[in-house]
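Enquirer: Dropping the structure in here first, questions after.
The values are calculated or read from the model by the stated rules, or taken from the named source; none is laboratory data. Quantities reported herein were computed from a predicted structural model and do not represent experimental measurements. Cβ: placed from backbone, ideal geometry, glycine included. Neighbour counts: every protein chain shown. Just the protein is used for accessible areas: all its heavy atoms, side chains included, with ligands, DNA and RNA removed. Shrake-Rupley method; radii C 1.70, N 1.55, O 1.52, S 1.80 Å.
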Amino acid sequence: KDDGFFVPQNLVGKTARVQGVLHEKTLTLEETKHFVVDEGGDPSTVTKARTEYNIVATGVQVEQ
(Lines give C-alpha, C1' and ligand atoms only; values in the text may rest on other atoms or scores of the structure.)
Protein backbone atom coordinates (compact mmCIF):
# COMPACT_ATOMS: atom_id res chain seq x y z
CA LYS A 1 0.00 0.00 0.00
CA ASP A 2 1.27 3.48 -0.86
CA ASP A 3 4.38 1.92 -2.46
CA GLY A 4 5.53 0.66 0.94
CA PHE A 5 7.75 -1.96 -0.69
CA PHE A 6 8.60 -3.29 -4.12
CA VAL A 7 9.11 -6.82 -5.41
CA PRO A 8 12.22 -7.24 -7.60
CA GLN A 9 11.54 -8.16 -11.24
CA ASN A 10 14.13 -10.96 -11.12
CA LEU A 11 11.59 -13.07 -9.19
CA VAL A 12 9.76 -13.94 -12.43
CA GLY A 13 9.17 -17.69 -12.53
CA LYS A 14 9.66 -18.19 -8.78
CA THR A 15 6.94 -19.27 -6.36
CA ALA A 16 5.75 -16.66 -3.90
CA ARG A 17 3.12 -16.31 -1.21
CA VAL A 18 1.43 -12.93 -1.08
CA GLN A 19 -0.69 -11.58 1.74
CA GLY A 20 -3.00 -8.66 1.16
CA VAL A 21 -6.34 -7.60 -0.25
CA LEU A 22 -7.38 -8.64 -3.76
CA HIS A 23 -9.47 -6.16 -5.74
CA GLU A 24 -11.55 -7.02 -8.81
CA LYS A 25 -12.42 -4.26 -11.29
CA THR A 26 -14.46 -4.71 -14.43
CA LEU A 27 -13.50 -2.11 -17.02
CA THR A 28 -15.99 -0.60 -19.41
CA LEU A 29 -15.89 -1.70 -23.03
CA GLU A 30 -14.42 1.70 -23.94
CA GLU A 31 -11.66 1.38 -21.31
CA THR A 32 -10.88 -2.13 -22.54
CA LYS A 33 -10.57 -0.90 -26.13
CA HIS A 34 -8.30 1.92 -24.97
CA PHE A 35 -5.96 -0.55 -23.25
CA VAL A 36 -5.94 -2.79 -26.33
CA VAL A 37 -4.82 0.21 -28.42
CA ASP A 38 -2.11 1.01 -25.82
CA GLU A 39 -0.91 -2.60 -26.15
CA GLY A 40 -0.68 -2.25 -29.94
CA GLY A 41 -3.83 -4.24 -30.71
CA ASP A 42 -6.89 -3.63 -32.84
CA PRO A 43 -9.80 -2.25 -30.78
CA SER A 44 -12.36 -3.44 -33.35
CA THR A 45 -11.65 -7.02 -32.21
CA VAL A 46 -12.79 -6.27 -28.63
CA THR A 47 -16.32 -7.55 -27.98
CA LYS A 48 -16.53 -7.56 -24.18
CA ALA A 49 -15.13 -5.72 -21.18
CA ARG A 50 -11.96 -6.85 -19.43
CA THR A 51 -11.75 -7.72 -15.74
CA GLU A 52 -8.59 -6.75 -13.88
CA TYR A 53 -7.32 -8.09 -10.57
CA ASN A 54 -4.95 -6.10 -8.36
CA ILE A 55 -3.56 -6.91 -4.95
CA VAL A 56 -2.57 -4.45 -2.28
CA ALA A 57 0.07 -6.58 -0.62
CA THR A 58 1.08 -6.39 3.01
CA GLY A 59 3.76 -9.05 2.63
CA VAL A 60 5.52 -11.31 0.15
CA GLN A 61 7.43 -14.51 0.88
CA VAL A 62 9.52 -16.01 -1.93
CA GLU A 63 10.35 -19.71 -1.86
CA GLN A 64 13.97 -20.53 -2.59
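Enquirer: Any idea how far apart residue 38 and residue 16 come out in nm if each label point goes 7 Å out from Cα toward Cβ?
Expert: Here the modelled spin labels are 2.1 nm apart.
Enquirer: Here's something else I'd like to know. How large is ³J(HN,Hα), in whole Hz, for each residue of the range 42-50 in order, when computed from phi with the Karplus curve 6.51 cos²θ - 1.76 cosθ + 1.60 and θ = phi - 60°, using x for Gly and Pro?
Expert: Those phi angles translate into 9, x, 6, 8, 7, 10, 8, 5, 9 Hz.
Enquirer: Ok, one more. Lysine pairs, Cα distance under 27 Å, 8 or more residues apart or cross-chain: how many in the chain? Write out the running numbers ahead of the final one.
Expert: Values: 1/14; 1/25; 14/25; 25/33; 25/48; 33/48.
Pairs that pass both the separation and distance tests number 6.
Enquirer: Under 5 Å between amide H atoms, partner at least 5 residues away or on a different chain: which partners does residue 20 have, H built in plane at 1.01 Å?
Expert: Correct list: 58.
Enquirer: On to the next question. Using modelled backbone amide H atoms (1.01 Å from N, in-plane), which distant-in-sequence or interchain residues come within less than 5 Å of residue 50's amide H?
Expert: Residues meeting the criterion, in which the H sits 1.01 Å from N, are 27, 32.
Enquirer: Relative contact order of the chain, please, whole-number percent, based on alpha carbon pairs below 8 angstrom and at least 6 residues apart. If you can, show how the numbers build up before the last one.
Expert: Details: 74 pairs, mean separation 31.2, N = 64.
Dividing the mean separation by the residue count of the chain yields 49 percent.
Enquirer: Treat each spin label as a single point 7 Å out from the Cα along the C-beta direction, and report the residue 27 to residue 3 distance in nm.
Expert: Distance between label points: 2.2 nm.
Enquirer: Additional query: Treating only the Cβ atoms of Lys and Arg (+1) and Asp and Glu (-1) as charged, compute the dipole magnitude of the chain about its Cα centre; round to the nearest 20 debye.
Expert: Values: 7 positive and 10 negative charges, 52 e Å.
The dipole of the chain has a size of about 260 debye.
Enquirer: May I pose another question? Quick check: the angle from helix 29-38's long axis to the longest principal axis of the chain, C-alpha only, nearest 10 degrees?
Expert: Orientation of helix 29-38: about 70 degrees from the principal axis.
Enquirer: Still on this structure: Where the accessible area of the chain is counted over protein heavy atoms with a 1.4 Å probe, how much of it, in %, is carbon and sulfur?
Expert: Using a 1.4 Å probe with all protein chains present, the chain comes out at 51 percent carbon and sulfur.
Enquirer: Follow-up question, since we're still on this one. Would you please name the GluC sites (Glu not before Pro) within the chain that are DSSP coil residues with at most 14 other C-beta atoms within 10 Å of their C-beta? Before the final figure, lay out the partial values.
Expert: Working: sites: 24, 30, 31, 39, 52, 63; in loops: 39, 63.
Here the GluC sites (Glu not before Pro) that fit, given the DSSP loop and packing criteria, are 39, 63.
Enquirer: When the Karplus curve 6.51 cos²θ - 1.76 cosθ + 1.60 is applied with θ = phi - 60°, which whole-Hz ³J(HN,Hα) does each residue of the range 14-25 get, with x for Gly and Pro?
Expert: After applying 6.51 cos²θ - 1.76 cosθ + 1.60, I find 8, 8, 9, 9, 10, 10, x, 10, 8, 10, 10, 9 Hz.
Enquirer: While we're looking at this one, here's another question. What accessible surface, in Å², does a 1.4 Å probe find on residue 58, ignoring ligands, DNA and RNA and rounding to the nearest 10?
Expert: Looks like 100 Å² after rounding.
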